[in-house]
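Undergrad: Structure incoming, see below.
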Amino acid sequence: MSPLDILIVGGGIGGLTAAIALAPQGHRLTVIERDPSWSVYGVGIIQQANVVRAVAQLGILDEYIVAGVGFDAVEIFAPDGTKVARVPAPKLAEGYPANVGIGRPALHKVLGDRVLADGAEVRLGITVETMVDDGERVAVAFSDGTSGIYDMVIGADGVYSQTRAAILPDAEAPEFTGQAVWRYNFPRPAGMDALQVYNGRTGLGLVPISEDLMYMFVTTPEPGNPRYPREGLAATMRAKLAECAPAIRALAEQITDDGGVVYRPLEGMLVTGPWHKGRIGLLGDAVHATTPHLGQGAGMAIEDSLVLADELARADSVEAAFAAYRARRYERCAYIVNASLAICMGQLGKGPAIDNHKATAEMFAVTAQPI
């Protein structure tokens, strides 16, 4: 297919990796992002072995590794703090660590720098007002009064995707799970060489993200989906850890900065029907938003980007590329969404308790398969 004019809606992980994956094909790329500061919150993210492999395919692995920290195992702890297992992770990129922990701002910089270096146009502080697909091109009007004509539009605009609402108004909507996640950064202790996961009704993990930093994620039951005020948020997070293992309670004493706490209600969603309409399609959280229990949300978006670019390179039409991409991605993404939700429901007592050791090992086996 000859080079296309492509609009990517959303300047987060999915949108930026889509731009990076598509750039080598010579397409003219425009990325729009509603946030005028193009910022991300300051905690970290887990990138499992399949994501390291995907980043290698994007051609940015060295910059990515330098920006984060590698580790080759997951350690599982009982609620009382007893270590019950150490699960080795498969290495899928030769000569590199199995997994990477990285700060979100650091990852955002690596991706954004490459997108700009590849020549994509990045426009900040604007959204799509209207899209009209006439079967040949898509006419787009933007919130700043400008407009453009594109051969293809990719909606990578997250769980509350406006693009999804526009093209698939009857598709599944995000649903609150009954649980939320709290995140906070800490100094990384010497000798920490794995992701550490604690089982229990309050799920918890410690993730190295640099030589001297780690972050904690905590999943808690939140009946009624409450909204907590920013003032006092650190004390609220500390209170959520009051019945955790002694080592975690001791660590929680360092949670003192309200501004450093990142709190997010957990929602899940999987679009079971088409992921596109005409020349407009979706990727990442816009079609398969997952809870963080298996650490694969961002990874699925990055893999989406690679597969969509691959299918576009071999297809004879945009519509055919979108359909082939969805056919390749659906089962894998559905597995992550459903397996993550099962862990969430088990923690809430709304389903059988899931053995994190077995769930992690199974996830590694499934995601080790080619995309």
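Undergrad: Check off (1) in a helix (DSSP H, G or I); (2) at pLDDT below 95 for Met300 and give me the number that stays unchecked.
TA: That leaves (2) as the condition not met.
Undergrad: Part of a helix (DSSP H, G or I) and of a type in the set (D, E, K, R) - does that describe any residue in the range 253-260?
TA: There is at least one residue in the range 253-260 that is part of a helix (DSSP H, G or I) and of a type in the set (D, E, K, R).
Undergrad: Need the failing condition index for Gly125 against (1) closer than 30 Å to Cys244 by Cα; (2) loosely packed, with under 14 Cβ neighbours inside 10 Å; (3) in contact with an Asp or Glu (Cβ under 8 Å, 6 or more places away or on another chain), just the number.
TA: Among (1) closer than 30 Å to Cys244 by Cα; (2) loosely packed, with under 14 Cβ neighbours inside 10 Å; (3) in contact with an Asp or Glu (Cβ under 8 Å, 6 or more places away or on another chain), Gly125 violates only (1).
Undergrad: Then there's this: Return the only residue of Ala327, Ala323, Ala239 being touching a residue at least 40 places away in the same chain (Cβ under 8 Å) and in a helix (DSSP H, G or I).
TA: Ala323
Undergrad: If you go through the range 157-178 one residue at a time, do you hit one that is open to solvent by 20 Å² or more (accessible area, probe 1.4 Å), out of contact with any helix residue (DSSP H, G or I) (no Cβ under 6 Å at 6 or more places or on another chain) and hydroxyl-bearing (Ser, Thr, Tyr)?
TA: Taking every residue of the range 157-178 in turn, at least one turns out to be open to solvent by 20 Å² or more (accessible area, probe 1.4 Å), out of contact with any helix residue (DSSP H, G or I) (no Cβ under 6 Å at 6 or more places or on another chain) and hydroxyl-bearing (Ser, Thr, Tyr).
Undergrad: Search the range 195-215 for residues being among the small types (Gly, Ala, Ser) and over 17 Å from the mean Cα position of the chain (by Cα), and hand back the single one that is modelled with the lowest pLDDT.
TA: Gly200
Undergrad: Which residue pairs have Cβ atoms closer than 6 Å, lie 6 or more positions apart in sequence or on different chains, and pair a first residue in the range 163-175 that is over 14 Å from Leu282 (Cα atoms) and part of a loop (DSSP other than H, G, I, E, B) with a second residue that is open to solvent by less than 60 Å² (accessible area, probe 1.4 Å) and charged (D, E, K, R)?
TA: Pro174/Glu267
Undergrad: Could you grab the pairs with beta carbons closer than 6 Å, sequence gap of 6+ or different chains, first residue in the range 86-97 and over 13 Å from Phe364 (Cα atoms) and touching a residue at least 40 places away in the same chain (Cβ under 8 Å), second one open to solvent by 30 Å² or more (accessible area, probe 1.4 Å) and assigned to a loop (DSSP other than H, G, I, E, B)?
TA: Cβ pairs passing all conditions: Pro97/Asp72.
Undergrad: Taking the conditions exactly as written (touching a strand residue (DSSP E or B) at 6+ places or on another chain (Cβ under 9 Å), within 27 Å of Ala139 (Cβ to Cβ) and not hydrophobic (A, V, I, L, M, F, W, C)), does Tyr330 satisfy them or not?
TA: No.
Undergrad: A follow-up question, please. Of all the helices (runs of 4 or more DSSP H) wholly in the range 4-91, which have at least 3 residues that are in contact with a Gly (Cβ under 8 Å, 6 or more places away or on another chain)?
TA: Per the criteria, 13-22, 49-58.
The values are calculated or read from the model by the stated rules, or taken from the named source; none is laboratory data. Computed from a predicted model, the values in this text were never measured in an experiment. For neighbour counting, all protein chains shown are included, and Cβ atoms are generated from backbone atoms with ideal geometry for every residue, glycine included. These area figures cover heavy atoms from the full protein model, side chains too; ligands, DNA and RNA do not enter into them. Shrake-Rupley method; radii C 1.70, N 1.55, O 1.52, S 1.80 Å.
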